[in-house]
Amino acid sequence: MNVAIIKYNAGNIFSVDHALRRLGVEPVVTADKETLMKADRVIFPGVGEAATTMRFLKEQQLDRLIKDLRQPVLGICLGMQLMCRHSEEGDADCLGIFDTDVKRFRPQCHADKVPHMGWNTLHHTCGPLFKGFDREEFVYFVHSFYVPVNEYAAAQTDYIVRYCSALHKDNFYATQFHPEKSGKVGERILTNFLNL
């Protein structure tokens, strides 16, 4: 199986690469459009800032390419947020794959720390990424922005508000959490993605 990780100005690319190698997959990290179009699976990871990253994607014409992909695509963290319509982070227009906006966490009390960092539970899971899930599971998050609950929700999490911790539409899948840092649960999610 050919798995491509989109190479761009974002962090966590190599932790995703290592997680896939632990599963016996040797991915290619690339920005080559032909390689991405021909891959069996594409992963769009990301740790960074939305507006800066969207500018880079547009300059490289990767924004158009990502939207045109027809194989299963998995966005992770910033990758998920960039698949939405608009982000409050830098007032950025994003890819618009998911017709929903990204909001900034606004603390309601002293205990509400932003970014939301650490382990939290998934609930209301549905769809093929969560095949075999029969209870709430813990996964690892690091984020200051969130996607409100909407029609594309494949998992939900509570922190300050209830929000989408995973999305699914057609061949596009996305997680706000980091499956590559979420131990055995994350491995199951990545395996489910590879087995789509």
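Lysine pairs in the chain with alpha-carbon atoms under 20 Å apart, 8 or more places apart or on different chains: how many are there?
15
In Å and whole numbers, how far do the C-alpha atoms of segment 1-115 stretch along each principal axis, longest first?
Ordered largest first, segment 1-115 gives principal extents of 47, 30, 21 Å.
Could you pull out every residue, at least 5 positions away or on a different chain, whose amide H is within less than 5 Å of the one on Phe145? Hs are placed 1.01 Å off N in the peptide plane, and Pro or chain starts have none.
Counting only residues 5 or more places away or on other chains, the set is Phe105.
Could you tell me what percent of the DSSP beta bridges with both partners in the chain are antiparallel, to the nearest 5?
Expressed as a percentage, antiparallel bridges in the chain total about 60.
Mind jotting down a quarter of the surface of the convex hull over the alpha carbons of segment 98-196, in square nanometres, one decimal?
Numbers: hull surface 24.2 nm².
So the Cα hull casts an average projection of 6.1 nm².
Which order do you get for Asp134, Asp101, Asp40, Asp91 if you rank them by accessible area with a 1.4 Å probe, largest at the top?
Details: Asp134 135, Asp101 40, Asp40 60, Asp91 115 Å².
Sorted descending by solvent-accessible area, the residues read Asp134, Asp91, Asp40, Asp101.
Sequence-distant or interchain residues sharing an amide H contact under 5 Å with Ala174, placed H: which?
Gly75, Leu167
What do you get when you divide the Cα radius of gyration of the chain by 2.2 N^0.38 Å, with N the number of residues?
Details: Rg = 15.4 Å, N = 196, 2.2 N^0.38 = 16.3 Å.
Compared with the compact-globule rule of thumb, the chain sits at 0.94.
Give the relative contact order (percent, whole number) for the chain; include only Cα pairs under 8 Å separated by 6+ residues.
Numbers: 432 pairs, mean separation 36.6, N = 196.
Here the relative contact order equals 19 percent.
The values are calculated or read from the model by the stated rules, or taken from the named source; none is laboratory data. Given the structure is predicted, the values throughout are model-derived calculations rather than measurements. Heavy atoms of the whole protein, side chains included, go into the accessibility calculation; ligands, DNA and RNA do not. Shrake-Rupley method; radii C 1.70, N 1.55, O 1.52, S 1.80 Å.
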